[in-house]
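*Asks:* Sending over a structure as structure tokens; questions will come in a sec.
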Amino acid sequence: MTAYDTLNDTLKSRYSCRAFRPDPVPDSTITKIVEAARHVPSWCNAQPWQVTITKGNATQAFRTMLSDLAANGTLPAPDLAWPSDYTGAYADRRRTCGFQLYDAVGIEKSNRAGRTAQMMRNYALFDAPHVAIIHSPGELGPYGAMDSGGFVTAFTLAATALGVATIPQAAIAAYAPQVRDHLGIADDRLVLCAISFGYADPDHPANGFRTSRATAADIIDWKE
């Protein structure tokens with residue numbers, strides 16, 4: 001098997017896990033994930049990403065804080081503006097992913113309360129034993145965020161290669177000020193996203209579907 005085949009297999013086996021077992025991931029394994037992810041490229045080799053990782057009681061306290069904020073209707077205050085809209089193929093993909101999840105866990109599309117309860121699982125971190133908060137310097141703006149996106153990808157792939165399941169979560173960035181305050185992250189850093197991670201619960205129906213991907217032909221615009 002070539003290095004390309006290994007990478008391609010890892011990419012295809014990675015998925016967003018929405019139900020975790022409570023077993024903690026060893027510190028040594030988490031460190032190995034970061035050791036691999038740190039090799040991604042960045043503009044001027046700035047390496048703007050930093051990661052705050054919770055375990056044990058810290059994860060539970062963070063989960064409780066987020067769930068309370070969401071349940072109380074706290075207004076979102078993300079550091080980066082949310083997408084202004086989803087149209088065309090982007091809207092179709094987003095809708096299909098949501099419907100696949102609802103179908104997997106047995107929620108009727110007309111069941112608004114059930115859909116809301118499933119959405120709230122984001123703030124419970126899907127019961128993951130760990131969460132990684134990805135943040136970058138505010139002075140680097142969207143380019144620091146773009147570079148950090150590469151780190152997120154590499155983190156999830158390295159985790160997959162080590163048998164650790166992940167789910168990147170933009171939802172957590174809705175409460176960026178509270179996240180910074182709770183975890184002691186400096187005010188001059190942008191809270192970009194979270195990665196909840198741990199060992200997957202393979203029997204949970206939320207982990208029983210996979211999203212489709214656009215083909216290379218959909219993505220490439222050749223010029224000659």
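Conditions tested, residue by residue: (1) touching a His at 6+ places or on another chain (Cβ under 7 Å); (2) without any contact (Cβ under 8 Å) to a residue 60 or more places away in the chain.
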| position | (1), (2) |
| --- | --- |
| 124 | no, no |
| 129 | no, no |
| 134 | no, no |
| 163 | no, yes |
| 191 | yes, no |
| 216 | no, yes |
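*Asks:* Within the range 92-108, work out how many residues are touching a residue at least 40 places away in the same chain (Cβ under 8 Å) and not basic (Lys, Arg). Before the answer, list the steps.
*Replies:* First pass over the range 92-108, keeping only residues touching a residue at least 40 places away in the same chain (Cβ under 8 Å): 93, 96-97, 100-101, 103-106.
Next, only the ones that are not basic (Lys, Arg) stay: 96-97, 100-101, 103-106.
Count: 8.
*Asks:* May I ask you to verify whether residue 132 is more than 15 Å from the chain's Cα centre (by Cα) and outside any loop (DSSP other than H, G, I, E, B)?
*Replies:* Working: more than 15 Å from the chain's Cα centre (by Cα): no; outside any loop (DSSP other than H, G, I, E, B): yes.
In short, no.
*Asks:* Do we find a residue being more than 24 Å from residue 175 (Cβ to Cβ), over 19 Å from the mean Cα position of the chain (by Cα) and assigned to a loop (DSSP other than H, G, I, E, B) anywhere in the range 87-103?
*Replies:* Among the residues of the range 87-103, at least one is more than 24 Å from residue 175 (Cβ to Cβ), over 19 Å from the mean Cα position of the chain (by Cα) and assigned to a loop (DSSP other than H, G, I, E, B), which makes the answer yes.
*Asks:* Mind checking which residues of the range 170-198 are within 13 Å of the chain's Cα centre (by Cα), crowded, with 22+ Cβ neighbours inside 10 Å and closer than 17 Å to residue 148 by Cα?
*Replies:* Scanning the range 170-198 gives 172, 173, 191, 192, 194, 195, 196.
*Asks:* Select from the range 2-29 the residues that are within 19 Å of residue 195 (Cβ to Cβ), of a type in the set (A, V, I, L, M) and not in a loop (DSSP other than H, G, I, E, B) and list them in ascending order.
*Replies:* 11, the sole residue that qualifies.
*Asks:* Sticking with this one: In the list 151, 155, 209, which residue meets the criterion of being touching a residue at least 40 places away in the same chain (Cβ under 8 Å), aromatic (Phe, Trp, Tyr) and part of a loop (DSSP other than H, G, I, E, B)?
*Replies:* On the way: 151 fails: part of a loop (DSSP other than H, G, I, E, B); 155 fails: part of a loop (DSSP other than H, G, I, E, B).
Criteria check complete, one pass: 209.
*Asks:* Now a separate question. Of the residues that make up the range 104-113, is at least one outside any helix (DSSP H, G or I), hydrophobic (A, V, I, L, M, F, W, C) and surrounded by 12 or more Cβ atoms within 10 Å (Cβ to Cβ)? Steps first, please.
*Replies:* Applying the first criterion (outside any helix (DSSP H, G or I)) to the range 104-113 yields 106-111.
When the remaining residues are screened for being hydrophobic (A, V, I, L, M, F, W, C), the result is 107.
From the residues that got through so far, the ones that are surrounded by 12 or more Cβ atoms within 10 Å (Cβ to Cβ) too are 107.
Yes, because at least one residue in the range 104-113 is outside any helix (DSSP H, G or I), hydrophobic (A, V, I, L, M, F, W, C) and surrounded by 12 or more Cβ atoms within 10 Å (Cβ to Cβ).
*Asks:* A follow-up question, please. Kindly list, by first and then second residue, each pair from a residue in the range 58-76 that is over 13 Å from residue 122 (Cβ atoms) to a residue that is assigned to a helix (DSSP H, G or I), limited to pairs with Cβ atoms under 6 Å and residues at least 6 apart or on different chains.
*Replies:* What qualifies is 65/182.
*Asks:* Could I ask something else about it? Run down 74, 156, 87 and say which single residue is of a type in the set (Val, Ile, Thr), modelled with pLDDT of 95 or more and closer than 13 Å to residue 197 by Cα.
*Replies:* Values: 74 fails: closer than 13 Å to residue 197 by Cα; 87 fails: closer than 13 Å to residue 197 by Cα.
Checking each option against the conditions leaves just 156.
*Asks:* Give me the pairs: first residue in the range 34-48 and farther than 10 Å from residue 151 by Cβ, second residue among the basic types (Lys, Arg) and in a loop (DSSP other than H, G, I, E, B), beta-carbon distance under 7 Å, and six or more apart or on different chains, which are they?
*Replies:* none
The values are calculated or read from the model by the stated rules, or taken from the named source; none is laboratory data. Keep in mind the model is a prediction, meaning the values are calculated, not measured. Cβ coordinates were reconstructed from backbone atoms using ideal geometry, including for glycine residues, and neighbour counts include every protein chain displayed.
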